[in-house]
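Let me begin by presenting the structure, written as structure tokens, before commenting on it.
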Amino acid sequence: MTPGYVNRQPPTVTPDAALLAETANAPSLARGPRFDPISDAVLGGCLPPVAERGLRLAGLAYRDDQVAERHLQEAADAAPDHAAVLIGRYRFYFYKGRLREALDVARVCLAKAARDAGLTADWRQVRREDADFGSYDAVLARFFLFTLKGYGYLHMRLGELAEGRAALDKLLELDPGDKLGARVLLDVLERMG
């Protein structure tokens with residue numbers, strides 16, 4: 001035994017207490033403006049503190065579906081159309097293997113991405129010249145592409161191959177350099193027959 005070492009059990013800390021301790025001295029998002037062009041453009045600006053807290057607590061409670069979903073709902077109640085909240089819900093359902101629920105959120109994300117990027121609501125009608133899809137600086141257009149890829153992938157995983165293929169074909173049309181990897185998923189579909 002090392003001199004001066006005392007074998008003590010660490011105190012029990014609940015997820016809520018851990019989050020409050022972690023964020024007690026952090027600057028509040030509500031205290032003033034901050035400028036982050038990526039998150040402001042893609043995530044819709046500052047996330048309300050209640051929604052941020054809900055997302056953090058959901059992450060801490062990830063293993064307990066009921067608790068995590070309660071916190072995700074708190075975030076959604078505070079900021080229902082905020083991309084960070086939508087992405088949090090999507091990721092939760094996706095990584096839990098709840099693909100149908102993830103697809104429901106992906107549909108909402110796709111509509112938001114199109115609206116925020118100034119695109120038509122029907123992704124099938126989006127044309128390459130509607131946005132600068134090839135530029136990494138065109139954050140909203142890229143967010144639309146990433147969302148479309150997730151939407152197509154989920155349809156593939158759910159066995160809805162025609163819809164998955166249509167979404168991935170559109171992705172490749174909008175991103176002909178295939179920076180987002182639509183071709184890999186389309187190749188999988190080809191091998192499936």
Can you tell me which residues in region 146-162 are buried (at least 21 other Cβ atoms within 10 Å of the Cβ) and more than 14 Å from Gly181 (Cβ to Cβ)?
Thr147, Tyr151, Leu154, His155
Residue satisfying condition, being among the basic types (Lys, Arg), open to solvent by 20 Å² or more (accessible area, probe 1.4 Å) and either under 19 Å from Val105 (Cβ atoms) or touching a residue at least 12 places away in the same chain (Cβ under 8 Å) (or both), within set Arg124, Arg183, Arg191:
Arg124
Every residue in region 160-180 that is more than 16 Å from Ala106 (Cα to Cα) and not in a helix (DSSP H, G or I), please.
Asp175, Pro176, Gly177, Asp178, Lys179, Leu180
Considering only region 24-77, how many residues are modelled with pLDDT under 50 and open to solvent by 90 Å² or more (accessible area, probe 1.4 Å)?
7
Qualifying positions in region 95-121 - free of Cβ contacts under 8 Å to residues at least 12 places away in the same chain and hydrophobic (A, V, I, L, M, F, W, C):
Ala111, Ala121
Regarding Pro15, is this residue over 22 Å from Leu140 (Cβ atoms), surrounded by 18 or more Cβ atoms within 10 Å (Cβ to Cβ) and modelled with pLDDT under 95?
yes
Which of the numbered conditions does Ala84 fail, given that it passes all the others? Conditions: (1) at pLDDT 95 or above; (2) farther than 17 Å from Gly164 by Cα.
(1)
Ala106 passes all but one of the listed conditions (1) open to solvent by 30 Å² or more (accessible area, probe 1.4 Å); (2) at pLDDT 95 or above; the exception is number (1)
Can you list the helices (runs of 4 or more DSSP H) lying wholly within region 51-138 that have 1 or more residues being under 21 Å from Gly152 (Cα atoms)?
83-95, 99-116
Only one residue in Arg165, Arg142 is out of contact with any Asp or Glu (no Cβ under 7 Å at 6 or more places or on another chain), within 21 Å of Arg100 (Cα to Cα), surrounded by 15 or more Cβ atoms within 10 Å (Cβ to Cβ) and of a type outside the set (A, V, I, L, M, F, W, C). Which one?
Arg165
Which residue pairs have Cβ atoms under 7 Å apart, sit 6 or more places apart or on different chains, and have a first residue in region 65-89 that is in contact (Cβ under 8 Å) with a residue 40 or more places away in the chain and a second that is of a type in the set (D, E, K, R)?
Ala83/Lys112
Could you list, in sequence order, all residues of region 95-141 that are within 30 Å of Gln66 (Cβ to Cβ) and among the hydrophobic types (A, V, I, L, M, F, W, C)?
Leu99, Ala102, Leu103, Val105, Ala106, Val108, Cys109, Leu110, Ala111, Ala113
Taking interchain pairs and intrachain pairs at least six residues apart, which have beta carbon atoms under 9 angstrom, with the first residue in region 141-164 and closer than 18 Å to Tyr93 by Cα and the second open to solvent by 10 Å² or more (accessible area, probe 1.4 Å) and β-branched (Val, Ile, Thr)?
Met156/Val188
Residue in region 111-119 that is exposed (fewer than 14 other Cβ atoms within 10 Å of the Cβ) and not small (Gly, Ala, Ser) present:
no
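The values are calculated or read from the model by the stated rules, or taken from the named source; none is laboratory data. Fair warning: this is a prediction, and the values are worked out from it, not measured in the lab. For neighbour counting, all protein chains shown are included, and Cβ atoms are generated from backbone atoms with ideal geometry for every residue, glycine included. What goes into the accessible areas is simple: the full protein's heavy atoms, side chains included, and nothing from ligands, DNA or RNA. Shrake-Rupley method; radii C 1.70, N 1.55, O 1.52, S 1.80 Å.
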